[in-house]
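Taking it in order: structure first as structure tokens, then the write-up.
Bear in mind that the values in this text are calculations on the coordinates, not laboratory data. The structure displayed is predicted, hence computed values, not measured ones. Reconstructed Cβ throughout: ideal geometry from the backbone, glycine too, with neighbour counts over all protein chains shown.
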Amino acid sequence: MSETFSPRERLQKAIDCQTPDRVPIALRVEYSAALWAGMSCRDFCCYPHKASDVIEAAFDKIGGWDGVDNTWTQGVRFTHLEPQKPMIPGVDLPDDVPMEFSSEPSMTADDYDVAIKQGYYGLYSELIARRGRKFNRRTEEELFLGFAPIYRYWEEKKGVPVIRGGMTRPPVIAFTLLRTFEEVSKDYFRRPDKVLEAVNATYKECIQMGETQSRLVGCNYVFVPISRAASTFMSERLFHKFFFPTFKEIIEQLVKDGFTPRIHADADWTPFLQYFLELPKRKCILELEPMTDMVKAKKILGGHMCLFGDVPPDILSLGTPTDVESYVKKRIEDVGKDGFILANDDMMPHDASYENVKAIVDAGKKYGWS
Amino acid sequence: MADLNEEVVLKTIAEGVKNGESSSGVLEELRGGMEILGQRFADGEYSLAELMMGAEIFRECMDMIEPSLEKNGVSTRGRVVIGTVKGDVHDLGKNIVAAMLRGSGFEVHDIGVDKPPEQFVEKIREVDADIVGLSCLLTSTLGSMRKTVSVIRESGLDIKIMIGGGVFSRGIESTVTRIEGADGFGKDAVEAVNLAKEWVTATP
Ligand code: B12
């Protein structure tokens with residue numbers, strides 16, 4: 001078969017819930033690329049250019065795909081934008097494993113008031129300052145402007161879209177990360193009004209943050225992680241009360257401002273799928289993992305929202321290329337070629353084998369033609 | 001209790017304790033509440049957030065009635081040691097399993113996350129446990145899970161081993177995730193409780 005679409009067109013067609021020349025393939029390659037190339041995880045974590053180089057080497061060797069994730073920014077981004085103490089490979093950890101975070105909470109119940117009074121940036125600045133670091137709109141701008149040349153390189157020299165600019169983390173999701181899921185779960189019952197007030201006081205700035213970061217790197221995909229609002233974690237009553245109304249506004253605003261939200265939804269969303277029908281039609285990507293029934297998702301959301309997923313990390317680490325190929329083949333048969341982007345689920349494990357990752361692309365290029 | 005009204009539950013228990021109500025009676029009621037909670041979770045009405053809150057209320061109540069329970073020598077259904085295996089720091093699932101087991105009358109010793117096999121063995125000996133639960137979410141720590149099971153088996157302890165965690169529920173080949181030597185697998189907290197109940201009633 002011959003390719004008649006560019007990677008960008010192919011992705012766009014899928015987002016429009018139509019059938020491109022073949023199913024687009026997006027990979028979120030991370031530390032495994034460093035290990036394949038004999039680079040230390042420390043270098044991948046701390047030096048965005050080096051990280052981009054090993055991803056490019058893998059990209060070329062595998063034969064290319066249609067959308068790359070900005071994982072080369074990850075280590076630096078997390079170190080500057082998150083209050084949790086990062087554990088750096090080769091410094092705090094062995095040199096052949098990815099960066100991790102101490103799960104120590106950084107937000108207390110009183111900090112809902114900080115969020116209410118000072119907003120989203122104010123909350124983050126305060127929590128990061130407590131760890132002896134500095135964060136404000138200027139530091140954010142410097143950081144993202146620093147990434148911009150690598151974005152341009154991929155787009156212009158390699159002809160491949162980078163599919164993540166900035167990130168908009170809905171407030172409840174941010175709180176569960178800053179304060180732990182367990183504490184926020186109790187807050188839903190013990191201080192529901194505070195949580196809600198903090199949600200309402202911050203969500204508009206969350207939108208701004210994602211948009212600003214995206215503009216700075218010149219990329220119109222905004223990553224919107226929502227895993228901790230899944231049915232696994234929230235009942236429908238809580239979902240309604242604390243999450244969905246502001247989430248809907250977030251997505252509507254992003255779309256109105258010309259961005260493509262990548263709604264990243266790990267864990268089980270099957271009972272909540274119909275809610276996505278309330279979001280703008282043919283404007284978003286919904287990223288699912290195998291805990292959600294993708295076939296049911298297609299039934300409910302087909303023609304409305306582009307689905308993205310979901311080769312599981314376990315297969316990439318422990319399976320064989322044949323396992324990968326049959327997973328991809330079945331996935332494409334099940335969800336069809338209209339409105340589907342083939343991808344690995346969430347983060348790629350650092351011990352994913354090169355052969356297995358290549359097998360995703362090979363299988364996509366074998367079974368994905370229209 | 002099952003409606004998660006913390007204030008009301010705590011007040012009722014405090015009054016009960018003050019009025020000298022039998023603590024085992026109170027405990028029975030609490031367990032009943034936890035059972036309903038588990039049922040609503042299984043039915044999809046409740047999520048993890050409700051279970052977390054329920055576990056918290058249960059813990060607070062236990063803190064209040066435990067002194068008198070000990071005095072009256074109320075027996076437990078069985079002793080369980082639970083933890084997440086070495087290399088893995090995920091604990092939401094394990095905590096829920098621990099809470100639901102407590103709610104069903106088991107005495108649970110939670111040793112935490114990232115624990116090497118030796119610490120499981122040590123704790124099992126120390127508390128003379130009937131059951132040990134191992135949690136694992138990462139494929140990279142499946143080996144660690146295997147090792148823990150085999151070390152426990154080699155220690156010659158008379159113990160039932162129950163395993164669980166996300167790594168077993170993401171649809172990979174069961175041959176890959178099979179753990180030799182484990183006695184049972186629980187898909188979720190409700191299954192974990194059922195397994196544990198089955199085992200303690202089966203042993204004379
Ligand atoms: C929340 C989360 C985190 C939180 C954990 C918070 C915490 N305190 O636990 C944080 C952010 C810290 C985290 C960190 C990491 N995570 Co994580 N995480 C998740 C996530 C989104 C949800 C897990 C969860 O809590 N589920 C809800 C609970 C209730 O489910 P559960 O644990 O399965 O438990 C249920 C059952 O399994 C069972 N059960 C559980 N334990 C037991 C025990 C027994 C005895 C029994 C019978 C039953 C049982 O009952 C429970 C209740 O029903 C998953 C995605 C997913 N879909 O699983 C990724 C996921 C597990 N994480 C992943 C990864 C890679 C990581 C990191 C390595 C990332 C990194 N580089 O930093 C680190 C791990 C560091 C380490 N050394 O462990 C991967 C694992 C991939 C793989 N195949 O190995 C996943 C699958 C995400 C992904 N798709 O890539 N993570």
Given the conditions (1) more than 14 Å from the ligand (Cβ to nearest atom); (2) under 20 Å from the mean Cα position of the chain (by Cα); (3) more than 28 Å from B:D43 (Cα to Cα); (4) not polar (S, T, N, Q), which single one is not true for B:D130?
(1)
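Out of all the residues in segment B:136-158, which are of a type in the set (A, V, I, L, M), more than 11 Å from chain A (Cβ to nearest Cβ) and surrounded by 21 or more Cβ atoms within 10 Å (Cβ to Cβ)?
Going residue by residue through segment B:136-158, those that are of a type in the set (A, V, I, L, M) are B:137-138, B:142, B:145, B:149, B:151-152, B:157.
Remaining after also requiring more than 11 Å from chain A (Cβ to nearest Cβ): B:145, B:149, B:151-152, B:157.
Across segment B:136-158, the qualifying residues are B:M145, B:V149, B:I152.
Say whether the condition of being of a type outside the set (F, W, Y) and closer than 21 Å to A:V162 by Cα is met by at least one residue in segment A:91-114.
First, pick out the residues of segment A:91-114 that are of a type outside the set (F, W, Y): A:91-100, A:102-111, A:113-114.
Then keep just the ones that are closer than 21 Å to A:V162 by Cα; that gives none.
Within segment A:91-114, none of the residues are of a type outside the set (F, W, Y) and closer than 21 Å to A:V162 by Cα.
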Identify the single condition in (1) within 16 Å of the ligand (Cβ to nearest atom); (2) within 14 Å of chain B (Cβ to nearest Cβ); (3) within 30 Å of A:L238 (Cα to Cα) that A:H264 does not satisfy, given that it satisfies every other one.
(2)
Scan of segment A:104-143 for residues that are part of a helix (DSSP H, G or I) and closer than 30 Å to B:V113 by Cα, ordered by number
A:D111, A:Y112, A:L123, A:Y124, A:E126, A:L127, A:I128, A:A129, A:R130
Restricting to segment A:162-199, give me the number of residues that are away from chain B (no Cβ under 14 Å) and in a helix (DSSP H, G or I).
9
State all residues of segment B:85-104 that are away from every other protein chain (no Cβ under 11 Å) and within 10 Å of the chain's Cα centre (by Cα); if no residue qualifies, say none.
B:K94, B:V97, B:A98, B:M100, B:L101, B:R102, B:G103, B:S104
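What number of residues within segment A:288-317 are in a helix (DSSP H, G or I) and within 14 Å of chain B (Cβ to nearest Cβ)?
Here is the first cut: in segment A:288-317, the residues in a helix (DSSP H, G or I) are A:294-301, A:313-317.
Subset that is within 14 Å of chain B (Cβ to nearest Cβ): A:294-295, A:313-317.
Matching residues across segment A:288-317 total 7.
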Output the residue which, of all residues in segment A:113-126 that are touching an Asp or Glu at 6+ places or on another chain (Cβ under 7 Å) and either in contact (Cβ under 8 Å) with a residue 24 or more places away in the chain or within 16 Å of the ligand (Cβ to nearest atom) (or both), is nearest to A:C206 (Cα to Cα).
A:Y120
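Going by the structure shown, is B:V121 surrounded by fewer than 21 Cβ atoms within 10 Å (Cβ to Cβ) and within 11 Å of the ligand (Cβ to nearest atom)? So that I can check it myself, show each step before the final result.
Numbers: surrounded by fewer than 21 Cβ atoms within 10 Å (Cβ to Cβ): yes; within 11 Å of the ligand (Cβ to nearest atom): no.
So B:V121 fails the test.
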The lone condition B:D110 fails out of (1) within 14 Å of chain A (Cβ to nearest Cβ); (2) within 28 Å of A:S317 (Cα to Cα) is (2)
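Just give me the residues in segment A:77-106 being among the charged types (D, E, K, R), more than 13 Å from the ligand (Cβ to nearest atom) and over 19 Å from the mean Cα position of the chain (by Cα), in sequence order. Outline the logic, then answer.
As a first pass, look at segment A:77-106 and keep what is among the charged types (D, E, K, R): A:77, A:82, A:85, A:92, A:95-96, A:100, A:104.
Pick out the ones that are also more than 13 Å from the ligand (Cβ to nearest atom) and you get A:77, A:95.
Across segment A:77-106, the qualifying residue is only A:D95.
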Scan of segment A:231-262 for residues that are in contact with a helix residue (DSSP H, G or I) (Cβ under 7 Å, 6 or more places away or on another chain) and not in a helix (DSSP H, G or I), ordered by number
A:S231, A:T232, A:F233, A:M234, A:S235, A:D257, A:F259, A:T260, A:P261
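Among the helices (runs of 4 or more DSSP H) lying completely within segment B:73-182, list those that include at least 3 residues that are out of contact with any helix residue (DSSP H, G or I) (no Cβ under 6 Å at 6 or more places or on another chain). Steps first, please.
On the way: elements: B:92-103, B:117-127, B:142-154, B:174-177.
Passing ranges, in order: B:92-103, B:117-127, B:142-154.
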Restricting attention to segment A:267-287, does a residue exist that is surrounded by fewer than 22 Cβ atoms within 10 Å (Cβ to Cβ), within 14 Å of chain B (Cβ to nearest Cβ) and outside any helix (DSSP H, G or I)?
yes
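Quick one: is A:Q74 of a type in the set (S, T, N, Q), surrounded by 15 or more Cβ atoms within 10 Å (Cβ to Cβ), assigned to a loop (DSSP other than H, G, I, E, B) and within 13 Å of the ligand (Cβ to nearest atom)?
On the way: of a type in the set (S, T, N, Q): yes; surrounded by 15 or more Cβ atoms within 10 Å (Cβ to Cβ): yes; assigned to a loop (DSSP other than H, G, I, E, B): no; within 13 Å of the ligand (Cβ to nearest atom): yes.
Against the criterion (of a type in the set (S, T, N, Q), surrounded by 15 or more Cβ atoms within 10 Å (Cβ to Cβ), assigned to a loop (DSSP other than H, G, I, E, B) and within 13 Å of the ligand (Cβ to nearest atom)), A:Q74 does not qualify.
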Check off (1) within 16 Å of the ligand (Cβ to nearest atom); (2) closer than 18 Å to A:A359 by Cα; (3) assigned to a helix (DSSP H, G or I) for A:K61 and give me the number that stays unchecked.
(1)
So for segment A:25-34 (the condition being farther than 23 Å from A:E155 by Cβ, among the polar types (S, T, N, Q) and part of a helix (DSSP H, G or I)), does at least one residue qualify?
yes
